[in-house]
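Participant: Got a structure here, written out as structure tokens. Questions coming.
Values quoted throughout were computed directly from the atomic coordinates according to the rules given, and no laboratory measurement underlies them. Every value quoted in this text rests on a predicted model; they were computed, and no experiment measured them. When we count neighbours, we look across all protein chains shown, and the Cβ atoms used for this are built from the backbone with ideal geometry, even at glycine.
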Amino acid sequence: MKNPFTIGLVSGEKFCNRKKEIKELKRFIKNSQNVVIYSPRRYGKTSLIQKVLKDLSKEEKKLITIYADLFPVSSYQDLVDFLSKAIIEGIGKEVNKSFIKKIQNLFKGITPTLTIKPDGSFSVSLTYNPSASIELLLSDIFEGLYNYILSKNLEAVVVLDEFQEITTLKESHKIEGIMRGYIQSHSSISYFFIGSRRRILLDMFTNKNKPFYKSSFLYELKKIPEDEFSKCIIKNFEKTGKTCSTDLAAMIYNLVEGYPYYVQKLSSIVWDLTNKKVTEKIIFEALNVLINTEKADFENIWINLNSSEKAFLKTVVKLSNFPIYSKEFIHESGLSIGGIQKAVKSLIEKDLIEKDKTYRLTDPVMKLWLSREINQI
Ligand SMILES: Nc1ncnc2c1ncn2[C@@H]1O[C@H](COP(=O)(O)OP(=O)(O)O)[C@@H](O)[C@H]1O
Ligand SMILES: [Mg+2]
């Protein structure tokens, strides 16, 4: 039997619940609203939106679904490339003569060339004047899409994943300004801005001085609730001839604080170690394997932190119940109030900590790793 748990994008049977979110996101799209979806990385944003797009492209014949992952952009030409290719792919559900004709006239200054592969899928390459201004290229893309939608009496949803990455481009303010103009005037298109670097993304939409200020709904993607995720875990074991009790499924979930990626990863390791029936001993063994698997990543993050950030994180792990400006916290960390303030600011920017009632590490496995390291010293 094959391991039923996955740490890649989840789809089909592997996709667990999120019924409420699916319904809400579909409603936004049907109303052509603009939405920001934010959460820490690996919470399931991409899996969720892909599922919604897949469902909708079956349910809504007049809706075009467009998805672009902007994580790798490093120049405005990249952005032009990713956006126009995503639009072409969204329009071209199937490649036929009329599709080729359609996309030939889609943009004014950007000319796409298709290469059709033996399996019927296609790849696109673009030619355009590389010294064309960013205004010209972006307006070509956004107007091209909008005119197409209007002329065919269609609607569209455009998803821009890891959208905050455009802030790393030197022309970012200009790009945001141009885009804001289009998203506001495109009444039959719903724009989704998704991101894992929450501080940066939210700042783009909540800072008065930024072009996207108040342009979209803010939608926080939370964890999958324990009872739902547990049901999925139990079902996955059953499907593959093994058993996991409700209590032990809850234990898997809680050990990694319900963090979706780690729930899957820990379940996957537990599955590998289990012959027939999951036990508590197996789960602890699996947790140890999980921490060791992630260790290199955490060490990498750690060596890039300054000494106050390190001191702050260690103290948050040790004194999780103390307020950060308490006497105990200040004493244990060896930091001044100013030092604590500075560390908090930079660690939040890096998404390494978040605030609930008190501050805590965003990544629950990093917390386990760090407390193990502290105890070994
Ligand atoms: N609905 C879900 N059901 C089961 N597992 C999920 C679900 N959503 C996320 N996961 C787990 O979390 C991991 C990260 O999901 P992903 O969609 O890439 O997150 P993000 O886009 O927020 O970084 C997936 O590989 C999977 O293991
Ligand atoms: Mg993602």
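Participant: Averaging sequence separations of C-alpha pairs under 8 Å and six or more residues apart, then dividing by the length of the chain, give the relative contact order as a whole percent.
Facilitator: 19 percent.
Participant: Rank by packing, highest mean first: peptides 189-197, 255-263, 201-209, with packing defined as the count of other Cβ atoms within 10 Å averaged across residues.
Facilitator: 189-197, 255-263, 201-209
Participant: Which residue, His186, His173, His331, tops the fluctuation ranking in a GNM of the chain built on C-alpha contacts under 10 Å?
Facilitator: His331
Participant: Let me ask something additional. Return the long-range amide H neighbours of Ile64 (sequence gap of 5 or more, or a different chain), with a cut-off of under 5 Å between placed amide H atoms.
Facilitator: Residues meeting the criterion, in which the H sits 1.01 Å from N, are Glu155, Ala156, Val157.
Participant: I would also like to ask the following. Can you give the charge dipole size of the stretch 226-376 about its Cα centre, rounded to the nearest 20 debye, using +1 on the beta carbon of Lys and Arg and -1 on the beta carbon of Asp and Glu?
Facilitator: Dipole about the Cα centre, nearest 20: 120 debye.
Participant: Looking at the chain as a GNM with Cα springs under 10 Å, which of Glu294, Glu354, Glu143 has the largest mean-square fluctuation?
Facilitator: Ranking Glu294, Glu354, Glu143 by mean-square fluctuation puts Glu294 first.
Participant: Of the options Ala156, Tyr128, Leu114, report the single residue whose Cα projects farthest towards the positive end of the charge dipole of the stretch 54-161 (beta-carbon charges: Lys, Arg +1; Asp, Glu -1).
Facilitator: The residue sitting most towards the positive pole is Leu114.
Participant: Normalising by the residue count of the stretch 18-220, find the relative contact order in percent from Cα pairs under 8 Å and 6+ residues apart.
Facilitator: 33 percent
Participant: Quick check: the angle from helix 226-239's long axis to the longest principal axis of the chain, C-alpha only, nearest 10 degrees?
Facilitator: Helix 226-239 sits at roughly 90 degrees to that axis.
Participant: In deg cm²/dmol and to the nearest 500, what is the mean residue ellipticity at 222 nm of the chain if only DSSP H runs of at least 4 residues count, each as -39500 (n - 2.57), divided by the residue total?
Facilitator: -17000 deg cm²/dmol
Participant: Still on this structure, I have one more. With θ set to phi - 60°, apply the Karplus curve 6.51 cos²θ - 1.76 cosθ + 1.60 along the stretch 332-343 and write out the HN-Hα couplings as whole Hz, x wherever there is a Gly or Pro.
Facilitator: 4, 7, x, 9, 7, 4, x, x, 5, 4, 5, 5
Participant: So between Ser188 and Lys277, what do we pick up on full extension, going 0.36 nm a residue minus the alpha carbon distance?
Facilitator: 26.8 nm
Participant: Once amide H atoms are placed 1.01 Å from N in the peptide plane, what residues at a sequence separation of 5 or more from Ile353, or on another chain, have their amide H within under 5 Å of its amide H?
Facilitator: Ile348, Thr362
Participant: Please work out whether the stretch 226-376 counts as rounded, prolate or oblate from its C-alpha gyration tensor, where a ≥ b ≥ c are the square roots of the eigenvalues and a/c under 1.5 means rounded, while otherwise a/b larger than b/c means prolate and anything else oblate?
Facilitator: It is prolate, given that a/c is not under 1.5 and a/b is the larger ratio.
Participant: Using each residue's phi in the stretch 8-24, evaluate 6.51 cos²θ - 1.76 cosθ + 1.60 at θ = phi - 60° and report the 3J(HN,Hα) Karplus result to the nearest Hz, with x for Gly and Pro.
Facilitator: The phi angles translate into x, 4, 9, 8, x, 5, 6, 6, 9, 6, 6, 4, 5, 4, 4, 5, 5 Hz.
Participant: Please work out whether the stretch 18-220 counts as rounded, prolate or oblate from its C-alpha gyration tensor, where a ≥ b ≥ c are the square roots of the eigenvalues and a/c under 1.5 means rounded, while otherwise a/b larger than b/c means prolate and anything else oblate?
Facilitator: Here the stretch 18-220 falls in the oblate category.
Participant: Here's a follow-up. When the Karplus curve 6.51 cos²θ - 1.76 cosθ + 1.60 is applied with θ = phi - 60°, which whole-Hz ³J(HN,Hα) does each residue of the stretch 117-133 get, with x for Gly and Pro?
Facilitator: 8, x, 7, x, 7, 9, 10, 10, 10, 10, 10, 7, 5, x, 9, 4, 5
Participant: Also, quick follow-up: Taking the alpha-carbon distance from Lys277 and a cut-off under 26 Å, which lysines remain once sequence neighbours fewer than 8 residues away in the same chain are dropped?
Facilitator: Lys2, Lys14, Lys231, Lys235, Lys239, Lys242, Lys265
Participant: Radius of gyration and Dmax for the chain's Cα atoms, expressed in Å?
Facilitator: 23.5, 73
Participant: Could you give the angle, 0 to 90 degrees to the nearest 10, between helix 76-91's Cα long axis and the longest principal axis of the Cα atoms of the chain?
Facilitator: That works out to roughly 70 degrees.
Participant: Ok, one more. Find which of Phe15, His331, Ile303 sits farthest along the positive direction of the dipole of the chain, computed with +1 on the beta-carbon of Lys and Arg, -1 on that of Asp and Glu, about the Cα centre.
Facilitator: Phe15
Participant: Sum up the charges of everything whose Cβ sits under 14 Å from the Cβ of Lys170, counting Lys and Arg as +1 and Asp and Glu as -1, but leave Lys170 out.
Facilitator: Once all neighbours under 14 Å are counted, the net charge is -3.
Participant: OK, next. If you put +1 on each Lys and Arg Cβ and -1 on each Asp and Glu Cβ, how big is the dipole of the chain around its Cα centre, in Debye rounded to 20?
Facilitator: Here the size comes out at about 720 debye.
Participant: Right, another one. Once each part is reduced to its C-alpha centroid, what is the distance from the stretch 109-184 to the stretch 50-102 in angstrom?
Facilitator: Centre-to-centre distance over Cα atoms comes out at 10 Å.
Participant: GNM, the chain, Cα, under 10 Å: largest mean-square fluctuation among Ile301, Ile88, Ile103?
Facilitator: The residue that fluctuates most here is Ile301.
Participant: Within straight cross-link reach of Lys108, meaning Cα distance under 25 Å, which lysines are found once same-chain residues fewer than 8 apart are removed?
Facilitator: Straight-line reach from Lys108, under 25 Å: Lys62, Lys85, Lys93, Lys97, Lys152, Lys174.
Participant: With charges only on Cβ, +1 for K and R and -1 for D and E, what is the dipole size of the stretch 192-235 about its Cα centre, in debye, rounded to 20?
Facilitator: 240 debye
Participant: Here is a further query. Counting only residues 5 or more places away or on other chains, whose amide H sits under 5 Å from the amide H of Thr358 once H atoms are built in the peptide plane?
Facilitator: HN-HN under 5 Å from Thr358: empty list.
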